[in-house]
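Let me begin by presenting the structure, written as structure tokens, before commenting on it.
We did not get these values from a lab; they are worked out from the coordinates using the rules stated. Note that the coordinates shown come from a computational prediction; the quantities given were computed from them, not determined experimentally. Cβ placement follows ideal geometry from the backbone for every residue including glycine, while neighbour counts extend to all protein chains displayed.
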Amino acid sequence: MQNKILDFDEKLINFSRKISIPLARFSLFVVYFWFGLLKILDVSPANPLVMDLQQKTLPFLSFSTFIVLFAIFEMFIGCLFLFPKALRLVVPLFILHMGMTLMPLVFLPEVAWQSAFVPTLEGQYIIKNLVLIALALGLASNLKPLKNV
């Protein structure tokens, strides 16, 4: 019985090692591309939040222009995650995007927080980006330093 458990454990770990990186890449692609597409189609529930933040940070730009550019940026990031050789390019773009998406926690506290340490639904949507950051860092941790390439 113990051997069967040990064999199953080893197979599960090997399977996880085999699919974790491709699954991480595909998952980031789906989230970024899909959410960007929803913004372009003007059906994203995040559009009002994006508009509020854009008006506070880039008021000189029309929202209709900004949302299309932002959506294309998200879709581009998503596509880049599909290509292993693009990881060095996509990680800085991802970090820039994450910085932007975390801004409402500070710049729009009335939208992000019900009270201290109690996020609204929008705040929870933003905070879940910590999971995306962990996933992207997991991918980046597999890069070889440029001095070793």
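Note the angle between two axes, namely the Cα long axis of helix 87-102 and the longest principal axis of the Cα atoms of the chain, as a number of degrees from 0 to 90, rounded to the nearest 10. Relative to the chain, helix 87-102 is tipped by roughly 50 degrees. Angle of helix 63-81 to the longest C-alpha principal axis of the chain, folded into 0 to 90 degrees and rounded to 10: 10°.
Separation of the range 85-149 and the range 1-73, taken as the distance between their Cα centroids, equals 10 angstrom. Amide H contacts for W113 (H built 1.01 Å from N in the peptide plane; partners 5 or more residues away or on another chain; cut-off under 5 Å): T120. Of the chymotrypsin sites (Phe, Trp or Tyr not before Pro) found in the range 1-105, those that fall in a DSSP loop while having at most 15 other beta-carbon atoms within 10 Å are F60. Normalised by the number of residues in the range 98-140, the mean separation of alpha-carbon contacts (under 8 Å, six or more apart) gives a relative contact order of 32 percent.
Search the structure for amide H atoms under 5 Å from the amide H of L82, placed 1.01 Å from N in the peptide plane, and list their residues when 5 or more places away or on another chain. Counting only residues 5 or more places away or on other chains, the set is empty. Relative to the dominant Cα principal axis of the chain, helix 2-40 is inclined by about 20°. Among the listed values (i) 1.28; (ii) 1.05; (iii) 1.81, the one computed from these coordinates for Cα Rg over 2.2 N^0.38 Å is (i). Mean residue ellipticity, 222 nm, helices only, the chain: the sum of -39500 (n - 2.57) across DSSP H runs of n ≥ 4, divided by residue count and rounded to 500, is -24000 deg cm²/dmol. Measuring nothing but how far apart in sequence close Cα pairs (under 8 Å, 6+ apart) lie, relative to its length, the chain scores a relative contact order of 23 percent.
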